[in-house]
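The values are calculated or read from the model by the stated rules, or taken from the named source; none is laboratory data. None of the values given here were measured: they were computed from a predicted structure. Because the Cβ atoms are built from the backbone with ideal geometry, glycine has one as well, and the counts that use them run over all protein chains shown.
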Amino acid sequence: MPELPEVETVRRTLNQLVAGKRIERVTVSLPRILQRPKEPSQFAELLVGRTIVSVERRGKFLRILLDGLVLVSHLRMEGRYGVYEQDEPVELHTHVRFHFEDGTELRYKDVRQFGTMHLFRSGEELELPPLNKLGLEPLDESFTLKAFKKVLAKRTTKIKPLLLNQEYVVGLGNIYVDEALFTAGIHPERPADSLKPAEWTKLYEAVRFTLSRAVEAGGSSIKSYVNGEGDMGRFQHELLVYGRKDEPCSKCGRCIEKLVVGGRGTHICTSCQPIPKSRLSVKLNGK
């Protein structure tokens, strides 16, 4: 699933490609992608004649701002956007096409068919699902160490599932949580309330650093991710632990291990990210 760096890269690319274009008509081939309104004809009717003002982002969601409306789009597992000339062949699994007056089209393709689209009046989208319960934006000025600790520091839950919870901090998925925890030297099973002030500072800085570097590299193309121009990301070449099971740690040389935390495959270096004492005790006692 695309995480913040990938969605931000798509946002930036689409903003260059479609801002200022006016929609002539809309073709919907897979109605279930539409969540609001659900009726394809109503969805299309609302968009005809509208001009795309800009493309923004909230967490892992794209916000396509039009004159008077906002289209909120989630790519889910393998959704992708691309801009084409209207006479170019339509690829398989292309489910929504926004036909522009200049003869180009914005096409949404989704092999897994899990993506969603919600249409709102401008401003309304932030007050209603799916955006109304989203947490802190980690690359925004409002994301301070104080704000980060305020939403997480007193919780007894393991730190990795907390970082994955979009109601606390948005945009982080499995890849970047693993990378940030490794950079900060924190085991993913540490309860949040066990972290010391210095560790919170390290984790806060690691989250910002990891996401910023990934955005600069255009995201990570682990599976099928490409940006709005069809280009792959480059950050997968800089990953320190994710996807590197049995490879040597870049810091200490010990093999990267993979375990399951909160139901998610998790990559760690047990030397650089010490195991919690309580869990170590359980292992030694054979329980």
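Brief remarks on what is shown
- Filter result for residue 53 (surrounded by fewer than 21 Cβ atoms within 10 Å (Cβ to Cβ), within 30 Å of residue 141 (Cβ to Cβ), at pLDDT 95 or above and touching an Asp or Glu at 6+ places or on another chain (Cβ under 9 Å)): yes
- Restricting attention to the range 244-269, the residues that are within 28 Å of the chain's Cα centre (by Cα), without any contact (Cβ under 8 Å) to a residue 60 or more places away in the chain and assigned to a loop (DSSP other than H, G, I, E, B) total 9.
- Pick from the range 166-185, criterion polar (S, T, N, Q) and within 14 Å of the chain's Cα centre (by Cα), ranking: farthest from residue 264 (Cα to Cα): 166
- Against the list (1) under 21 Å from residue 207 (Cβ atoms); (2) outside the structural domain of residue 162 (by TED's automatic domain parsing); (3) surrounded by fewer than 17 Cβ atoms within 10 Å (Cβ to Cβ), the condition residue 76 fails is (1).
- Check on residue 105, surrounded by 17 or more Cβ atoms within 10 Å (Cβ to Cβ) and without any contact (Cβ under 8 Å) to a residue 60 or more places away in the chain: yes
- Set 55, 7: member being of a type in the set (Val, Ile, Thr) and outside any strand (DSSP E or B): 7
- For the range 21-52, the set of residues classified as part of a strand (DSSP E or B), under 24 Å from the mean Cα position of the chain (by Cα) and closer than 20 Å to residue 80 by Cβ consists of 34, 35, 52, listed by residue number.
- Helices (runs of 4 or more DSSP H) completely within the range 113-195 that count 3 or more residues being under 30 Å from residue 28 (Cα atoms): none
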